[in-house]
Amino acid sequence: MKRHVYFAAGVGAGIPIFLGYLAVSFTFGIMAKNCGLSVFQAVLLSASNLTSAGQFSGLTLITAGAPLAEMAATQFVINLRYCLMSCSLSQKIDEKTPFFHRFFMAYGVTDEIFGVSVSREGRLSPFYFYGLVAVSALGWVGGTFLGVVSGGLLPARVVSALSIALYGMFIAIIIPPARDSKVVAGIVVISMLLSLLFAAAPALKEISSGFRIIILTVVISGAAAVFFPIADDESGGQQEELS
Amino acid sequence: MRPSVYTYIAVMAIVTYLIRLLPLTLIRREIKNKFIRSFLYYVPFVTLSVMVFPAILTASSGKCASAAGFVTALILAYCRKSLITVALCASAVVFLVELLPII
């Protein structure tokens, strides 16, 4: 397949991300404005970071005038989950794909882009990934811009409704494989139950959501790998695109 | 002295980018180890499940609306509807439930 075909497929697959990002970053834009950031600063922040939780917490630290080391440490902790996602993605990219692509692809590793990328069969073409990133970043940066310049442009009800779009997309990614595999279904249910426990139980709920994701991912995926190791043909798949 | 907003943005962007970049560039070969391969195979399912629940219940401004959106998404995803269909229908249900005067 040609590069532009992959790119176009990525753009199409990224439309739910676009809508969800538009809503979330719209809220971010309003907050950034309230924290005293200019339109340019808010847009630059969204374009250079492309992450939700990290940016929201970053705003708080900027407003508080926190030391830079504290900012770096906070971002590290909140965004450490991307490290696990990149490890997983590293196995989706064909070994023959030119190395420099990884430097560009790294920019776009977000929860949502990761989710859609791994749900695609076979090897991951960098151009498919770029298509996803392009449309997602457009939503993220565009939403930020709209949020700063006109907080009242999107009705609150629409923002609220679209805020669930990204979760709906995640559900559409994990449920079909869970239907096909009892192991995956069990893992999805256990993950949700433990996540609920971590969110609600005393002491455990003090753990930040970023760390909750990391702890549960390592423990549950680790246990699943011990008890249900996959056969060799399950994770690799066909190679799709070389360059 | 207080750092400028641009310094903060630069620190945030660099830290976040490096977290994403290092595993992608350091793990160049296909991993042969069966445990690690299995581990990485399961990572997306666990990560996405943990991110969805229970956070989805507080995603929109109302709990009932969010729960209705959650159930809608589960049913449509089970019927193997596309990502965009599931995302938009869940949003539409949230929108409609929030319009109800009682809730």
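Side notes on the structure shown:
- Taking A:VAL218, A:VAL226, A:VAL77 in turn, the Gaussian network model of chain A (Cα-Cα springs below 10 Å) assigns the largest fluctuation to A:VAL226.
- The order of B:ILE84, A:ILE17, B:ILE19, A:ILE190, going from fewest to most other C-beta atoms within 10 Å of their C-beta, is A:ILE190, B:ILE84, B:ILE19, A:ILE17.
- The string of couplings for region A:6-14 from the Karplus curve (6.51, -1.76, 1.60, θ = phi - 60°) is 5, 4, 4, 5, x, 4, x, 5, x Hz, one whole number per residue in order, with x for Gly and Pro.
- Helix B:83-99 and the longest principal axis of the C-alpha atoms of chain B enclose an angle of approximately 50°.
- Peptides ranked, highest mean first, by Cβ atoms within 10 Å: ranges A:26-33, B:23-30: A:26-33, B:23-30
- Normalised contact order of region B:43-103, rounded percent, pairs of Cα under 8 Å and 6 or more residues apart: 32
- Note on region B:5-99: Kirkwood radius taken over Cα pairs, Stokes-Einstein applied at 25 °C and 0.890 mPa s, translational D equal to 147 µm² s⁻¹.
- Near B:LEU21, once Lys and Arg are set to +1 and Asp and Glu to -1 for all other residues with Cβ below 13 Å from its Cβ, the sum equals +3.
- For the pair B:PHE35 and A:ALA64, a Förster radius of 41 Å applied to the C-beta separation gives a FRET efficiency near 0.45, rounded to the nearest 0.05.
- Modelled FRET efficiency - R0 56 Å, A:VAL149 with A:LYS182, Cβ distances, 0.05 increments: 0.65
- For the protein assembly as shown, average projected area of the Cα convex hull in nm²: 17.6
- Of the trypsin sites (Lys or Arg not before Pro) found in region B:36-103, those in coil by DSSP whose Cβ has at most 15 other Cβ atoms within 10 Å are B:ARG80.
- J(HN,Hα) series, region A:190-205, from Karplus relation 6.51 cos²θ - 1.76 cosθ + 1.60, nearest Hz, glycine and proline x: 4, 4, 5, 5, 5, 4, 4, 4, 5, 7, 10, 5, x, 6, 4, 6
- Paramagnetic label zone (point 7 Å from Cα along Cα-to-C-beta, A:ALA73; backbone N under 18 Å) in region B:14-39: B:15-16
- For chain A, built as a Gaussian network whose Cα springs stay under 10 Å, the top-fluctuating residue of A:ASP94, A:ASP180, A:ASP111: A:ASP180
- Using a Förster distance of 35 Å, the FRET efficiency for A:VAL218-A:CYS35 (Cβ separation, nearest 0.05): 0.55
- Whole-Hz ³J(HN,Hα) from phi, Karplus 6.51 cos²θ - 1.76 cosθ + 1.60, for region B:43-52, glycine and proline x: 3, x, 5, 5, 4, 5, 4, 5, 6, 6
- Exposure proxy ranking, count of Cβ atoms within 10 Å, fewest first, for A:THR144, B:THR7, B:THR85: B:THR7, B:THR85, A:THR144
- For region A:3-175, taking the reciprocal of the average inverse distance between every pair of different Cα atoms yields a Kirkwood hydrodynamic radius of 16.7 Å.
- By other beta-carbon atoms within 10 Å, ranking A:TYR6, B:TYR78 with the fewest at the front produces B:TYR78, A:TYR6.
- Each Cα pair under 8 Å and six or more residues apart adds its separation to the average, and for chain B the resulting relative contact order is 19 percent.
- Ordering A:PHE76, A:ALA8, A:ALA66 by the projection of their Cα atoms onto the charge dipole of region A:1-112, which places +1 on the Cβ of Lys and Arg and -1 on the Cβ of Asp and Glu, puts A:ALA8 at the extreme positive end.
- Charge dipole magnitude, Cβ of K and R +1, D and E -1 - region B:19-103, Cα centre, debye nearest 20: 600
- For A:ALA66, no residue 5 or more places off, or on another chain, has a built amide H under 5 Å of its own.
- Amide H to amide H, with H built 1.01 Å from N, A:LEU124 comes under 5 Å of A:ILE93, A:ASP94, counting only residues 5 or more places away or on other chains.
- Working note: Cα gyration tensor of region A:1-62, eigenvalues times five, square-rooted, sorted largest first, giving semi-axes of 29, 11, 10 Å.
- For A:ILE230, distant residues with modelled amide H under 5 Å away: B:SER38
- Length-normalised contact order for chain A - Cα pairs under 8 Å, 6+ apart - percent: 37
- Counts of other chain beta carbons within 10 angstrom of each beta carbon in peptide A:195-204 average 2.
- Helix A:81-90 axis, angle to chain A major axis (alpha carbon atoms, nearest 10°): 40
- Here region A:157-201 is treated as a Stokes sphere of Kirkwood radius computed over C-alpha pairs; at 37 °C and 0.692 mPa s its diffusion coefficient rounds to 275 µm²/s.
Read-outs throughout are calculated quantities, based only on the coordinates presented, and are distinct from any laboratory measurement. Everything numeric in this text was worked out from a predicted model, so none of it was measured. In this analysis, Cβ positions are derived from the backbone assuming ideal geometry, glycine residues included, and neighbour counts consider all displayed protein chains.
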